[in-house]
Amino acid sequence: MTAEGAPRIYLVTAEPSGDALAGDLIDALREQEPDVQIAGVGGVEMAARGIQSLYDTSELSVFGFFDGLRIAKLAHARALEAAEDAASFRADAVVAIDSYGFMLRLAWKLKDTIPDIPRIKYVGPQVFASRQGRARVIAENFDHLLAIHLFDAPFYEPFGLPVTFVGNPALARDLSGDGQAFRQRYELDEERPLLLILFGSRTSELDRLFPHFSDAVARLRREFPELQVATVLSPTIEKIARERLQGDPILRDIVITDSSERRDAFHAADIALACSGTVTTELARVGVPTIAAYRLGWLLWAAARTFLMKSKYISLTNIAADDELIPEYVQTRCTGRQLAAALSDLLKDKDLRATKSRQLVETTRQMAGKVDPSQAAAAAILKIAKEKAGKV
């Protein structure tokens with residue numbers, strides 16, 4: 001197929017986790033269809049592959065109902081811009097990646113702007129854990145779902161939505177790294193333990209976790225004076241996080257680096273304290289014993305506790321293992337004192353760390369299966385796009 005007749009794919013992301021998926025997906029699309037034409041909205045990973053975004057997606061990286069209300073007008077405007085740009089690009093398919101709230105707005109705008117375009121949702125909301133009614137909403141507004149969990153399909157198929165299981169890209173992404181080189185670059189002692197702290201990718205996560213992470217480190221340093229601490233900052237929070245770190249007497253002297261060194265940092269770490277999310281799965285794959293933390297706004301937390309939460313755990317690794325391999329400290333349990341106590345247990349017991357590491361690696365290996373997620377997603381997207389365009 002010539003470049004002129006090649007499928008035209010428009011990708012939309014709204015936060016770093018989706019941008020990472022998009023980066024892997026672009027590589028797979030180009031491998032399978034070298035002449036494929038790609039445009040869209042994204043962050044640093046899409047930019048690294050030559051895709052110029054219409055706008056800065058960091059302004060859309062929020063979590064929860066009330067944070068979403070705060071940017072609702074902006075989100076509608078950005079969704080319309082993306083839909084109109086997809087129309088100008090003459091896309092054969094639009095792929096909406098993760099970010100349920102924003103992508104739902106995008107689907108509405110696409111229906112108004114280019115109603116005949118296939119709307120593909122890549123990663124559905126975690127209806128197995130909460131708010132199962134979102135499955136019907138997705139089915140009403142998208143034409144196909146690329147699911148990353150085997151247990152996704154039964155929630156969506158009753159509403160007539162075609163579902164293709166592609167696997168979880170976080171379980172297939174290259175996470176090789178050089179921990180020794182990381183320690184050498186930052187003059188970190190090989191014999192002293194290294195704690196890696198990860199604040200998440202949203203400003204709201206940084207706001208809610210920062211004081212508790214700082215307090216935890218202060219407590220740990222009193223108990224373990226030899227402790228070394230490093231952090232890897234997501235590009236969406238890097239500027240504000242650096243300012244806060246420099247102004248914090250506890251954390252100002254830690255090693256601060258960016259996402260370009262994240263894999264080396266993972267391999268250098270003895271333990272981690274992380275905002276719950278995709279990164280905890282990645283740390284599990286590398287075998288880093290991790291404490292997961294999260295805080296919501298109090299109104300959303302009350303609603304979640306009362307009406308929304310269906311799963312025992314919030315970490316996918318724990319859900320897959322049906323065991324709390326990654327201890328979870330959420331809301332009222334997410335305090336400096338409790339986080340420090342959990343991390344202290346890991347620091348004191350080298351055998352415990354080794355056991356946790358083996359369990360985490362084995363569990364994520366079983367979760368991964370044998371499917372290459374990005375390749376499977378690319379194949380499904382190209383098939384849908386070609387069928388729409390009559391190029392098969």
Exercise. On a 0 to 90 degree scale, rounded to 10, what angle separates helix 72-89 from the longest Cα axis of the chain?
Worked result: 50 degrees
For this session: Report the charge-dipole magnitude of the chain in Debye, nearest 20, computed about the Cα centre from +1 at each Lys and Arg Cβ and -1 at each Asp and Glu Cβ.
Result: 1000 debye
For this session: Round to the nearest 10 and give me the degree value, 0 to 90, for the angle of helix 350-368's Cα axis relative to the longest principal axis of the chain.
Result: 10 degrees
Exercise. What is the percent of Cα-Cα separations in the chain that go past 27 Å?
Worked result: 50 percent
Exercise. When a footprinting reagent is the concern and you count Cβ atoms within 10 Å, what order do 103, 46, 367 take, fewest first?
Worked result: 367, 46, 103
Exercise. For helix 373-389, what angle does its Cα long axis make with the longest principal axis of the chain, in degrees from 0 to 90 and rounded to 10?
Worked result: 20 degrees
For this session: Choose one of 330, 250, 289: the residue whose Cα lies farthest towards the positive end of the charge dipole of region 179-368 (beta-carbon charges +1 Lys, Arg; -1 Asp, Glu; about the Cα centre).
Result: 330
Exercise. Along the charge dipole of the chain, which of 344, 158, 361 sits closest to the positive end, that is, farthest toward it, with unit charges on the beta carbon of Lys, Arg, Asp and Glu (+1, +1, -1, -1)?
Worked result: 158
Seminar exercise, completed: The relative contact order of region 161-280, taking Cα pairs under 8 Å that sit 6 or more residues apart, comes to a percentage of 40 percent
Exercise. With charges set only on the Cβ (+1 for Lys and Arg, -1 for Asp and Glu), what does the dipole of region 179-368 come to about its Cα centre, in debye to the nearest 20?
Worked result: 480 debye
Exercise. Listed highest first by mean packing, meaning other Cβ atoms within 10 Å per residue, what order do 283-291, 377-385, 168-176 come in?
Worked result: 283-291, 377-385, 168-176
Exercise. Which whole-number percent is the relative contact order of region 179-368 (Cα, under 8 Å, 6+ apart)?
Worked result: 25 percent
Exercise. Pick from 15, 190, 81: which is most flexible by mean-square fluctuation in a GNM of the chain where alpha carbon atoms under 10 Å apart are linked?
Worked result: 190
For this session: Provide the descending list of Cα extents for region 179-368 along its principal axes, expressed in whole angstroms.
Result: 48, 37, 32
Seminar exercise, completed: Interchain or sequence-distant (5+) residues whose placed amide H lies within less than 5 Å of the amide H of residue 122 are 96, 97, 98, 146
Exercise. Under a plain spin-label model, where a point goes 7 Å from the Cα along Cα-to-Cβ, how far apart in nm are residue 323 and residue 176?
Worked result: 3.0 nm
For this session: Once you have the Cα-Cα distance between residue 258 and residue 221, take 0.36 nm times their residue separation minus that, and quote the gain in nm to one decimal.
Result: 11.0 nm
Exercise. How big is region 260-300 on each of its three principal axes, counting only the C-alpha atoms and giving the largest first in Å?
Worked result: 38, 21, 13
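FYI, it's all coordinate maths here, none of it is from the lab. Please read these numbers as outputs of a predicted model, since none were measured by experiment. So basically every Cβ, Gly included, is an ideal-geometry build from the backbone, and we count neighbours across all protein chains shown.
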